[in-house]
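S.K.: Have a look at the structure that comes next, please.
The values are calculated or read from the model by the stated rules, or taken from the named source; none is laboratory data. Computed from a predicted model, the values in this text were never measured in an experiment. FYI the Cβ positions are ideal-geometry reconstructions off the backbone, even for glycines, and counts take in every protein chain you see. The protein model used for the area step is the full one, side chains on, heavy atoms only, and it has no ligands, DNA or RNA in it. Shrake-Rupley method; radii C 1.70, N 1.55, O 1.52, S 1.80 Å.
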Amino acid sequence: EERLGMRFVLYNIRYATGTGWDYHIPFPFWGCFRKTEKNFKDISSFLMKLNPDIVGLVESDGGSYRQNGKSQPKEMASQIGGMPIFCCKYYPESFITKTPILKSQGNAVVTKIPPVSHKVRYLSYGVKRALLEVEYEDFVLYLVHLSLGRKARTKQLEELAERCMSSKKPVILAGDCNTFGGEDELFPLIERVGLKNANSDLMPTYPSSSPRMLLDFVLYSPEIKVDNLFIPKVTFSDHLPLVCDFSL
């Protein structure tokens, strides 16, 4: 289809472990041990049809037994094109990074647009604290998965605000912000930094079967123009994806 600019898709895919009533049977979160290859194929095919330039994958598997040792971002890059950039979402010094399955859990960017550079930074607070930074010629993309705890999350948001303000280029900050308090929690980024919310109608993104909460965000600097944003109603994961077309 005709479109200007670039297409960015943000999707918390829950490691492609699926969703549905049986996720917590025979005991809570049992579903997170499921094999994921089939569901991941469906997610990749769905994303391929969207023809994105950049995909931000929250909760992607870097190669645990669930995906038969294969990295989901690499698999996706080989399908939709582009290069995969993956980081474990836990702090490197944490015992979690030595634990099977958990050490493969992270966030990733699959990008068809060649980046100038990319690095992993770590926020000072929270269990999940990786900040994936991908710098392009005209803008910087930050991908995050913020803390479930309100106190740690508040500190993380303050730190992100500082990071965005010190950026020399326009910013896209995207991720699962776990904002159970809604958009108001993003006050430091929206008011202090002046970022805008691409999802200006505040359409909920969670849970995917009957969305009630807005947890996933694409925030952007005023120099960036968002031409279109839509949220496909798909249930491959417990979150809905955000599809954002933007230009500079």
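S.K.: How large is ³J(HN,Hα), in whole Hz, for each residue of the range 109-126 in order, when computed from phi with the Karplus curve 6.51 cos²θ - 1.76 cosθ + 1.60 and θ = phi - 60°, using x for Gly and Pro?
M.R.: After applying 6.51 cos²θ - 1.76 cosθ + 1.60, I find 10, 10, 10, 8, 8, x, x, 6, 7, 8, 8, 9, 10, 10, 6, 7, 10, x Hz.
S.K.: At 1.4 Å probe radius, can you tell me the per residue accessible area of the range 13-133 in Å²?
M.R.: With the other protein chains kept in place, the range 13-133 gives 47 Å² per residue.
S.K.: While we're looking at this one, here's another question. Test of understanding: what is the full-extension gain from M83 to K233, defined as 0.36 nm times their sequence separation minus their Cα-Cα distance?
M.R.: 51.3 nm
S.K.: Across 10 Å bins from 0, what is the distribution of all Cα-Cα pair distances for the range 94-248, in whole percents?
M.R.: Going from the shortest bin to the longest, the percentages are 10, 39, 39, 11, 0.
S.K.: Then there is this: If all Cα-Cα distances of the range 129-170 are sorted into 5 Å bins from 0 onward, what percent lands in each bin, rounded to whole numbers?
M.R.: So the P(r) values, bin by bin, are 6, 22, 28, 22, 13, 7, 2.
S.K.: Using θ = phi - 60° and the Karplus relation 6.51 cos²θ - 1.76 cosθ + 1.60, list the HN-Hα couplings for the range 40-57 in order, rounded to whole Hz, with x at every Gly or Pro.
M.R.: Residue by residue, the range 40-57 yields 5, 4, 5, 5, 4, 5, 4, 5, 4, 5, 6, 6, x, 8, 9, 10, x, 9 Hz.
S.K.: May I ask which residue of M165, Y90, I80 lies farthest towards the positive end of the charge dipole of the chain, with charges of +1 (Lys, Arg) and -1 (Asp, Glu) on Cβ and the Cα centre as origin?
M.R.: Of the candidates, Y90 comes out farthest on the positive side.
S.K.: Taking θ as phi - 60°, what are the ³J(HN,Hα) couplings along the range 220-227 by the Karplus curve (6.51, -1.76, 1.60), each to the nearest whole Hz, with x for Gly and Pro?
M.R.: With coefficients 6.51, -1.76 and 1.60, one gets 8, 5, x, 5, 8, 10, 8, 8 Hz.
S.K.: A further question follows. Residues of the range 203-230 with the amide nitrogen closer than 15 Å to a label point 7 Å from the Cα of D184, along Cα-to-Cβ, please.
M.R.: Only 214 fall inside the zone, counting backbone N under 15 Å.
S.K.: Give me the Debye-computed log₁₀ of I(q)/I(0) at q = 0.16, 0.18 Å⁻¹ for the range 160-248, equal point scatterers on Cα only, no solvent, two decimals.
M.R.: -0.63, -0.78
S.K.: Nearest 20 debye, what's the magnitude of the dipole of the chain about its Cα centre given +1 on Lys and Arg Cβ and -1 on Asp and Glu Cβ?
M.R.: 820 debye
S.K.: Okay, moving on. About the Cα centre of the range 153-248, what is the dipole size in debye to 20, counting +1 per Lys and Arg Cβ and -1 per Asp and Glu Cβ, all else neutral?
M.R.: On the way: 10 positive and 14 negative charges, 36 e Å.
I would put it at about 180 debye.
S.K.: Now for a separate question. For the range 96-241, give the percent of accessible area contributed by carbon and sulfur heavy atoms, probe 1.4 Å, rounded to a whole number.
M.R.: 53 percent
S.K.: Taking 28 Å as the cut-off for C-alpha to C-alpha distance, list the pairs among K128/K168; K41/K225; K38/K169 that go past it.
M.R.: Correct reply: K41/K225; K38/K169.
S.K.: Let me ask something else. In terms of modelled amide H atoms, which long-range or inter-chain residues lie less than 5 Å from the amide H of V171?
M.R.: V140, S221
S.K.: Next question, about the same structure. On alpha-carbon atoms, Rg over Rh for the range 71-126 using Kirkwood Rh?
M.R.: Computed over Cα atoms, the ratio is 1.03.
S.K.: Can you tell which of Y11, F27, I43 lies farthest toward the positive end of the dipole of the range 1-46, using +1 and -1 charges on the Cβ of basic and acidic side chains (Lys, Arg; Asp, Glu)?
M.R.: F27
S.K.: Sticking with this one: Based on DSSP H runs of at least 4 residues, each adding -39500 (n - 2.57), what is the mean residue ellipticity at 222 nm of the chain after dividing by all its residues, to the nearest 500 deg cm²/dmol?
M.R.: Numbers: 3 runs with 39 residues, N = 248.
The helix-only estimate for the chain comes to -5000 deg cm²/dmol at 222 nm.
S.K.: Equivalent-ellipsoid semi-axes (√(5λ), Cα gyration tensor) for the range 98-172, whole Å, largest first?
M.R.: After scaling each eigenvalue by five and taking roots: 23, 18, 8 Å.
S.K.: Calculated FRET efficiency, S209 and V116, Cβ-Cβ r, R0 51 Å, to nearest 0.05?
M.R.: Step by step, r from the Cβ atoms, then E = 0.80.
S.K.: Something else: If each Cα of the range 1-139 is one equal point scatterer, what is log10 of I(q)/I(0) from the Debye formula at q = 0.17 Å⁻¹?
M.R.: So the normalised log intensities work out to -0.96.
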